Every structure is written in C-alpha cells, then in structure tokens.
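Worksheet: one structure, shown below.
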Amino acid sequence: MSPCKLLPFCVALALTGCSLAPDYQRPAMPVPQQFSLSQNGLVNAADNYQNAGWRTFFVDNQVKTLISEALVNNRDLRMATLKVQEARAQYRLTDADRYPQLNGEGSGSWSGNLKGDSASTREFSTGLNASFDLDFFGRLKNMSEAERQNYLATEEAQRAVHILLVSNVAQSYFNQQLAYAQLQIAEETLRIYQQSYAFVEKQLLTGSSNVLALEQARGVIESTRSDIAKRQGELAQANNALQLLLGSYGKLPQAQTVNSD
C-alpha cells in the first residue's frame, strides 16, 4: 500500500489523540491538615459521630420510624433520586458513543401455491453492520466526562437532600414535642391561676382582699390564655411541617406528656 493512501488514516488517528479541553487542576483546599485538639481525642469522637448512620445516631424509636417513613414517601427525595437515575442513563448513552456500534438484522419469507402446487419459495437474508465514530479532538471523550461529572454532582445533590431530610424530620419531631410540652405547661399554669382567682374572689367577699388584686388575677389568666393560643399555633405549625416532610397526611404520633415529677 502506497504511503499516500495511508496518510489520511494516519492524520485521522493523530486527530483522535488531540484534545481541546484544558487539563483540570484541583484547587488547594483552605483547610488545615490536622486539628490541634486531635491529641485529646475530640476529633476522633467527632469523626465517629460523622461516620455513624442516622439509625445509630438517634436513639428515639419514634424518630427512627418517622425518618424511615419520610425516606420512602418524601417528594423532594423522590425527585432527587429520579434526577440521579436520569443523569446515570444520560452518562451511559453518551459514553457508549465512544465505542464501536454493532447492529445485526435478519429476515425470512416463504411463498407457495394455494391450488396445491408443491412448488414453494423460501428466502432468508441476514445483515451485520459495524460503525465507529472517530473521536476528533477528544470530543466524545470530553462529552462523556462532562456527563460523568454531571452524574456525580447529581448523586451528591441527592445525598445532600437525604441528609437534610433526616435532619429536618428529627428537628420537626423535637419541635412538635417541645410545642406540646409548652402547651401542657401553659394549660396547667392556667388551671393554677384560675384556682388563685377563685381564692382571691372569696377573699374579696370576706373583705380580706380588694378589687385591684382580683383584677390583677384576672389579667394573669387572660395573659395565660393568650399564651395557650400561641402554643396551640406553634403545635399546629410543627405538625404541618412534620406531615409535609413525611409526604403523607395521616395520623401523627402522640406527643409525650411532661412528667411533673
């Protein structure tokens, strides 16, 4: 084969080895190599908490149940998971263009005489096609790498949504518990103030108290009722936030009663 006929092939082969994409240089991270308190074991303890899963980190069984339910039903996490699957599929499609494509096909036919003639015709055909796109200037490689990085970024975004969901469910649950406890305390306080008001009212009838003391007791009661309304609103908000994170509007767990002891 003459050198002139080999020249186009050599040029095409050389172009496939070229790339216009700049080499990625990872920037230096502005963080210390080692924490100064590592000798005291504080950093090791923090690493243990960081590496522990949420099932190990949380000890409340009710919190674990709610988090498990949210991970199944939460709509934001579903969307993030679907985006990961979409990015993975797109990366595989783009990366497949870098490799040879092989396609095969086959067909057959038969014809005969309906009048009983034994003569018949059978035809069969097969075909095999192979194709390969030359990666000039690394175009296909760079496209595949871009889709790969997009897939990895989407996967990390889904992981961030997962972590944020676990945190928000736990925080909303504890907010619900706190709001219920504060409402319970406010209702108990109202009961005590009402008893005090009745006592002052009896003293007023016997002349051992005055109207000012009675009005002060009534003012404290009204203030406590206002506080109860506020606590009820906070409890409703906490319940709504928790239901939104859970992705369902079923029955929420009953908040625990505060132990007066």
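Of the residues making up the range 58-96, those that are crowded, with 18+ Cβ neighbours inside 10 Å and either touching a Gly at 6+ places or on another chain (Cβ under 9 Å) or without any contact (Cβ under 8 Å) to a residue 60 or more places away in the chain (or both) number 4. Hey, could you check the range 64-91 for residues that are among the β-branched types (Val, Ile, Thr) and in contact with a helix residue (DSSP H, G or I) (Cβ under 8 Å, 6 or more places away or on another chain) and say which is nearest to GLN243 (Cα to Cα)? Among them, the one singled out is ILE67.
Among residues of the range 214-239 being within 44 Å of the chain's Cα centre (by Cα) and among the β-branched types (Val, Ile, Thr), the one that is farthest from TYR193 (Cα to Cα) is ILE228. Looking only at the range 241-261, which residues are surrounded by 14 or more Cβ atoms within 10 Å (Cβ to Cβ) and either at pLDDT 85 or above or over 27 Å from LYS64 (Cα atoms) (or both)? If the condition is that a residue be surrounded by 14 or more Cβ atoms within 10 Å (Cβ to Cβ) and either at pLDDT 85 or above or over 27 Å from LYS64 (Cα atoms) (or both), then ALA241, LEU242, GLN243, LEU244, LEU245, LEU246 are the ones that fit.
Do you know which of the residues in the range 168-203 that are of a type in the set (Ser, Thr, Tyr) and within 34 Å of the chain's Cα centre (by Cα) is nearest to GLN232 (Cα to Cα)?
TYR180
Out of curiosity, is TYR99 of a type outside the set (S, T, N, Q), surrounded by 10 or more Cβ atoms within 10 Å (Cβ to Cβ) and modelled with pLDDT of 70 or more? Considered against the rule, which asks whether it is of a type outside the set (S, T, N, Q), surrounded by 10 or more Cβ atoms within 10 Å (Cβ to Cβ) and modelled with pLDDT of 70 or more, TYR99 comes out as no.
The values are calculated or read from the model by the stated rules, or taken from the named source; none is laboratory data. Note that this is a predicted model, so its numbers are computed, not measured. Don't worry about glycine lacking a Cβ; one is built from the backbone with ideal geometry, like all the others, and counts go over all protein chains shown.
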